[in-house]
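The values are calculated or read from the model by the stated rules, or taken from the named source; none is laboratory data. Note that the coordinates shown come from a computational prediction; the quantities given were computed from them, not determined experimentally. Here the Cβ positions follow ideal geometry from the backbone for every residue, glycine too, while neighbour counts run over all protein chains shown. We work out accessible area using only protein heavy atoms, side chains counted, and drop any ligands, DNA or RNA first. Shrake-Rupley method; radii C 1.70, N 1.55, O 1.52, S 1.80 Å.
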Amino acid sequence: MRRATTANGFTITPTSSRFRDSPNRGDAEYLTARIPPSAMVDSGKEARSPAASSAKPSMAAHRSHKSLVSSPNERTEIYEDSDESDDSDEDEEDDQPPSQQALPRSHTPGHLASKSVNDRSAGAAAKQAAELAVRQRSQSASQVPPRPSTAGGSSKKSYPKQPPPPPPPASAEKDSPGDHERDLKRGYGRTTSVLTSKSNAAAASSSSRSTSATLSQVPKGEHVAFPPLQDPKDAPDIAPAPASGMYWSKAPTSGAAHSNLRAHTTTLIGSNIYIFGGCDARTCFNTMYVLDADAFYWSVPHVVGEIPMPLRAMTCTAVGKKLVVFGGGDGPTYYNDVYVLDTVNFRWTKPKIVGERVPSKRRAHTACLYKNGIYVFGGGDGVRALNDIWRLDVGDMTKMSWKLISGPEKTPQSGAKDPARRPKARGYHTANMVGSKLIIYGGSDGGECFDDVWVYDVETHAWKAVPIPVTYRRLSHTATIVGSYLFVIGGHDGGEYCNDVLLLNLVTMTWDKRRVYGQSPTGRGYHGTVLHDSRLMAVGGFDGSDVFGDVHILELAVHAYYSQISHFTIEV
């Protein structure tokens with residue numbers, strides 16, 4: 001086995017690994033003296049008194065709006081919410097009787113749990129049913145129905161009207177006003193890869209949802225057809241790109257209507273991107289969207305069970321075919337609850353947490369999976385930033401337990417003689433797991449936008465700062481592992497929102513900024529990015545004034561071959 005030692009004291013050893021996309025980061029909730037409120041305030045609205053911000057000369061960032069610089073003595077509580085959300089209209093929906101509901105399809109929650117345990121002679125019953133069906137078909141074939149009478153030579157056939165179906169039985173438990181009606185009225189799309197049809201059997205689970213949150217209203221709108229090809233005469237003038245260059249383009253999406261989102265999560269399972277929660281400029285959501293990463297088709301699956309509250313700045317981690325959501329918040333409220341969504345039957349569950357020690361309520365944290373454990377780092381609890389590490393055991397998805405891995409130790413003040421033994425408390429950073437190494441980059445504590453890179457070994461429980469000569473400040477960005485590189489897209493540098501692409505070489509631990517061709521998205525943060533089929537796909541985001549719902553594709557081109565050299569570990 002060959003090893004390579006870098007100038008920073010890291011040894012790269014070939015081994016097996018797999019891609020892991022970083023969890024999406026949420027939106028900021030704090031004002032600071034150094035970082036303008038346009039980057040840190042979680043209001044979703046434009047800053048009121050813009051002023052010029054100073055950006056680094058080496059950074060080709062896109063200025064999407066003017067940044068506000070506060071006075072040196074001005075500072076509010078870290079991670080404190082300051083938005084005013086308006087209630088969304090959820091009461092105006094078209095009436096639709098229960099008899100017009102779609103017929104049940106396979107793999108709905110009702111069908112998955114409908115096996116009979118009292119049938120002692122299943123084989124005999126099946127045989128009798130088959131014989132009865134044969135007899136009925138033979139009788140119907142032998143009896144020809146009389147031809148209906150016609151009037152005036154009309155060839156129209158008149159058949160007897162079918163009796164109306166019996167009314168559904170009254171529920172023993174009263175639902176909250178509008179809940180049952182919304183369940184019956186809501187329409188859902190269906191993709192070729194994700195089952196999103198609604199079963200009438202799911203109505204039986206309304207009593208189990210009585211203690212869960214009400215689903216956010218799906219935006220009203222017609223099905224969006226696949227966009228036609230653009231006329232070359234109207235197409236934007238874009239310089240030609242070499243075949244080896246990375247290329248930006250806007251995805252031609254279609255399907256169900258969806259909200260513009262920021263501070264949501266984007267998690268890839270197979271070829272489907274599961275987009276949960278987030279908020280727009282008015283309110284927070286708990287809707288689950290599914291975006292087919294091959295067809296760029298949006299759909300809204302019908303979910304049942306213990307649905308989470310509307311959340312933003314939470315984490316969502318894929319464990320097999322299940323999604324584990326932790327933390328997040330809405331306005332001044334913070335959570336430390338754990339929810340699990342089964343993407344096979346789209347049922348939400350709240351697993352039992354064993355033990356008394358649990359992490360504090362938080363959001364803007366990160367979560368990465370390693371050996372049946374989800375490692376949660378940092379975030380903010382509304383009063384202060386955090387730098388502790390907790391491990392959530394997900395070996396049993398119905399019964400989980402928390403364990404404190406690294407406590408919230410204080411870091412030395414700037415200018416102290418002793419070097420820091422751990423990163424400063426922070427949120428809106430990124431975390432990626434490479435082997436047993438957790439790579440932390442960027443973020444903010446409410447007073448400073450960080451540019452440092454830290455590595456934590458989950459096996460030896462040791463922190464190490466990575467010395468990098470040229471650094472870039474970032475918060476609310478995304479970081480995705482592509483081979484032996486960390487691709488950083490967008491975010492805020494403390495002065496403005498960016499749309500550049502940064503590459504961190506994990507072998508040499510140096511930054512590299514590559515030229516990207518095509519039509520780049522506007523500078524933004526609080527978006528989500530996943531890697532699929534040699535493409536990085538960025539969904540949604542926020543630029544300080546507008547919330548986006550578009551999808552942009554970064555074709556990696558020759559950079560996609562980085563995956564062939566991704567079999568490595570970082571030795572600290």
> From the set of residues in segment 345-361 that are touching a residue at least 40 places away in the same chain (Cβ under 8 Å) and more than 16 Å from residue 306 (Cα to Cα), which is most open to solvent (accessible area, probe 1.4 Å)?
Replying inline: 357
> Can you tell me how many residues in segment 325-344 are in a loop (DSSP other than H, G, I, E, B) and crowded, with 24+ Cβ neighbours inside 10 Å?
Replying inline: 2
> Applying the selection to segment 521-572, what residues are at pLDDT 90 or above and in contact with a Pro (Cβ under 6 Å, 6 or more places away or on another chain)?
Replying inline: 552
> Going through segment 461-512 one residue at a time, which ones are of a type outside the set (D, E, K, R), more than 20 Å from residue 426 (Cβ to Cβ) and out of contact with any Phe, Trp or Tyr (no Cβ under 8 Å at 6 or more places or on another chain)?
Replying inline: 469, 487, 499, 508, 510
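Does residue 290 meet the test of being more than 14 Å from the chain's Cα centre (by Cα) and among the β-branched types (Val, Ile, Thr)?
Details: more than 14 Å from the chain's Cα centre (by Cα): no; among the β-branched types (Val, Ile, Thr): yes.
Spelling it out, it is not the case that residue 290 is more than 14 Å from the chain's Cα centre (by Cα) and among the β-branched types (Val, Ile, Thr).
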> Among the residues of segment 473-503, which ones are hydrophobic (A, V, I, L, M, F, W, C) and either farther than 22 Å from residue 519 by Cβ or modelled with pLDDT under 95 (or both)?
Replying inline: 475, 479, 481, 482, 486
>> Quick check on my filter: what residues within segment 460-480 are in a strand (DSSP E or B) and open to solvent by 10 Å² or more (accessible area, probe 1.4 Å)?
In response: 462, 463, 464, 465
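Would you tally the residues in segment 279-319 being part of a loop (DSSP other than H, G, I, E, B), within 27 Å of residue 332 (Cα to Cα) and in contact with a strand residue (DSSP E or B) (Cβ under 9 Å, 6 or more places away or on another chain)? Talk me through it step by step, then tell me what you get.
Restricting attention to segment 279-319, the residues satisfying the condition of being part of a loop (DSSP other than H, G, I, E, B) are 280-283, 286-287, 293-296, 300-303, 306-310, 313-314.
Of the ones still in play, those that are also within 27 Å of residue 332 (Cα to Cα) are 280-283, 286-287, 303, 306-310, 313-314.
Subset that is in contact with a strand residue (DSSP E or B) (Cβ under 9 Å, 6 or more places away or on another chain): 280-281, 283, 286-287, 303, 306-310, 313-314.
The number of residues fulfilling the criteria is 13.
Applying the selection to segment 380-407, what residues are part of a strand (DSSP E or B) and open to solvent by 20 Å² or more (accessible area, probe 1.4 Å)? Break it down stepwise before answering.
The first filter runs over segment 380-407 and keeps only residues part of a strand (DSSP E or B), leaving 380, 385-393, 399-406.
Passing the criteria: 391, 393, 399, 401, 402, 403, 404, 405.
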>> Out of everything in segment 448-459 that is touching a residue at least 40 places away in the same chain (Cβ under 8 Å) and not in a strand (DSSP E or B), what residue ends up being nearest to the chain's Cα centre (by Cα)?
In response: 458
>> So residue 322 passes all but one of these: (1) in contact with a helix residue (DSSP H, G or I) (Cβ under 8 Å, 6 or more places away or on another chain); (2) surrounded by fewer than 21 Cβ atoms within 10 Å (Cβ to Cβ). Which condition number does it fail?
In response: (1)
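Select from segment 243-299 the residues that are of a type in the set (Gly, Ala, Ser) and closer than 20 Å to residue 218 by Cα and list them in ascending order. First the steps, then the outcome.
Taking segment 243-299 as the starting set, the residues that turn out to be of a type in the set (Gly, Ala, Ser) are 243-245, 249, 251, 254-257, 259, 263, 270-271, 277-278, 281, 293, 295, 299.
Within segment 243-299, 254, 255, 256, 257, 259, 263, 277, 278, 281, 299 meet the criteria.
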